[in-house]
Amino acid sequence: PEVGVLPVTLKPNTHTHPLLKGLPPTFAATQWHGYEVKQLPPGGVALAASQACPIQAFAVGETALGLQFHPEVTDRLIESWLSVPAYCGELEEHLGTDGCAVMRDGVMTHLAELEATARTLFENFLAVVRSHQQSPFLPLRS
């Protein structure tokens, strides 16, 4: 398991990938998983790693991105998760008796960076989708 707010590092020469453009070489990411990607899909390229998980992000071409970490975490979302007793129990197993507080503190301490990473990933994904848009039936708004 990998649990907490932990550093993720881009692999060499991946910072120019359209889905990662603008991310710093290392950034904080919310981790909460017991499984990990061990093998890439056909055509997949590993883009980022953490100490515990060598495939934190991967791409298949420039339009598909797989993530191990949780870029969607906000202050409101983490509070929602931490209101579930079973989740707090799981955090205590991995982070100690104050597992919920440790996770909350990690997210709140790095909130601005987590939000900036999520925004960059979303904007990059949206730019890629727009650049590949071929159907007049799927208009995208700015």
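The values are calculated or read from the model by the stated rules, or taken from the named source; none is laboratory data. Since the structure is predicted, the reported quantities are computational estimates derived from the model, not experimental observations. In this analysis, Cβ positions are derived from the backbone assuming ideal geometry, glycine residues included, and neighbour counts consider all displayed protein chains. Remember, those area values only see protein heavy atoms, side chains included, never the ligands or the DNA or RNA. Shrake-Rupley method; radii C 1.70, N 1.55, O 1.52, S 1.80 Å.
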Accessible surface, per residue, of the chain when the full set of protein chains is kept, probe 1.4 Å, Å²: 59
Karplus-derived 3J(HN,Hα), 6.51/-1.76/1.60, for each residue of segment 28-39, Hz, glycine and proline x: 6, 9, 7, 10, 7, 8, x, 10, 9, 6, 9, 9
For segment 73-116 and segment 1-57, distance of Cα centres in Å: 20
Unmatched cysteines, the chain - criterion: no other Cβ of a Cys under 4.7 angstrom: Cys53
For segment 14-95, radius of gyration divided by Kirkwood radius, i.e. Rg to Rh on alpha-carbons: 1.02
For Arg76, net neighbour charge (Lys/Arg +1, Asp/Glu -1) across residues whose Cβ lies under 15 Å away: -3
3J(HN,Hα) from dihedral phi, segment 91-104, Karplus parametrisation 6.51/-1.76/1.60, rounded to Hz, x for glycine, proline: 5, 5, 4, 9, 10, x, 4, 9, x, 5, 5, 4, 5, 4
Highest average packing first - 37-45, 7-15, 99-107, Cβ atoms within 10 Å: 99-107, 7-15, 37-45
Gyration tensor (alpha-carbon) shape descriptor, segment 51-119, a/c threshold 1.5: prolate
Added length on full extension, which subtracts the Cα-Cα distance from 0.36 nm per residue, Glu92 to Thr26: 21.1 nm
Rounded percent of accessible protein surface that carbon and sulfur make up, the chain, 1.4 Å probe: 58
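Can you tell me how much longer the chain between Phe122 and Ala101 gets when fully stretched, taken as 0.36 nm per residue apart minus their C-alpha distance, in nm with one decimal? List each step's numbers first, then the result.
On the way: separation 21, 0.36 × 21 = 7.56 nm, distance 2.81 nm.
So the chain would gain 4.8 nm between Phe122 and Ala101.
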Entry for mean projected area of the Cα convex hull in nm² (calculated from the structure that is shown) out of (i) 23.5; (ii) 9.8; (iii) 10.5: (ii)
Unit charges on C-beta of K, R, D, E only; dipole of segment 1-141, Debye: 700
